[in-house]
Amino acid sequence: MKARKSPYEYLDIFGEDLFNLHLNDHNEEFSCLLPGDGDFDFDTLFKEVTKLGYRGPGIIEIYRENYKNVHELVKSKKLLERIGHKY
């Protein structure tokens, strides 16, 4: 993670004032990966933002060099939608 902080620390800070989510994944070696290409637990994140009452947008935010084609973007979008629909 580029910020070197847990995203849950930011949820504690912003709380109900959260109005936008920028989503990407990471692993031990890389950050700003497509959701699903790293180790981040999006299920827990969605559960936590739902507890805050968040119903706003989520934006996949990655660098162009971290994906090859639009099909990879669509796959990540579908993964996030599947997880999000549980909450």
- What residues have an amide H closer than 5 Å to that of Leu23, excluding those fewer than 5 places away on the same chain, when H is modeled at 1.01 Å from N in the peptide plane? Ile59, Ile60, Glu61
- Note on the structure: Measuring from its Cα centre, the range 7-85 shows a charge dipole (+1 at each Lys and Arg Cβ, -1 at each Asp and Glu Cβ) which, in debye to the nearest 20, is 540
- Task: Determine ³J(HN,Hα), in whole Hz, for all residues of the range 71-86 in sequence, where each value follows from phi through the Karplus function 6.51 cos²θ - 1.76 cosθ + 1.60 and θ = phi - 60°; x replaces Gly and Pro.
- Result: 5, 5, 5, 4, 4, 5, 4, 5, 4, 5, 5, 4, 5, x, 5, 6
- With only helices counted (DSSP H, runs n ≥ 4, each -39500 (n - 2.57)), the per-residue ellipticity at 222 nm for the chain, to the nearest 500, works out to -12000 deg cm²/dmol
- Task: Give the total of Lys-Lys pairs in the chain with Cα-Cα distances below 18 Å; include a pair only if its members are 8 or more places apart or on different chains.
- Result: 9
- Once both axes come from the Cα atoms, what is the angle between helix 42-51 and the longest principal axis of the chain, in degrees from 0 to 90, rounded to 10? 20
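Coordinate-derived values only; no laboratory data. What you see is a predicted model; the values in this text were computed from it and never measured. Using ideal geometry, Cβ is built from the backbone for each residue, glycine included, and neighbour counts are taken over all protein chains shown.
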